[in-house]
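Presented below is the structure to which this report refers.
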Amino acid sequence: MANADVLEREEGIEMAFGRKPKKPANKEKRPGSGLILVKDGVQREVSFEELALSNTLSLEALVRVLSRNGNIDPNELMKEMEKVKSERFRDGMPIEDPDGTAH
């Protein structure tokens, strides 16, 4: 019997007796790994914290450029951000704009 067949059989027996199957010992656990990047053949793990910070910095830079070039009004952006925040942290009911559009 092949090793995979034995492992599968053992897992089936464990499940039949209501026990969780044993995890293979060679499986490496990656704590907090959000993403694995590969650049020029070099692999690098990126944490969720690094992803969040990168996203925040990118958005801040984008807002600065758009505001400086007059493409957005910072006050209007702040109002829209508050609106989005209230939509995301609500009881699930859609919010309607004055024009009747549900969001």
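Bear in mind these aren't lab numbers, they're just calculated from the coordinates by the rules spelled out. Values in this document were obtained by computation on a predicted structure and should not be read as measured data.
Close amide H partners of Gly34, meaning residues 5 or more places away or on another chain with modelled amide H under 5 Å apart, are Val46, Ser47, Phe48. Amide H contacts for Ile72 (H built 1.01 Å from N in the peptide plane; partners 5 or more residues away or on another chain; cut-off under 5 Å): Ser67. Evaluating 6.51 cos²θ - 1.76 cosθ + 1.60 at θ = phi - 60° for every residue in region 49-64, the Karplus couplings come out as 5, 5, 5, 5, 5, 4, 5, 4, 5, 5, 5, 5, 4, 4, 4, 4 Hz, glycine and proline recorded as x.
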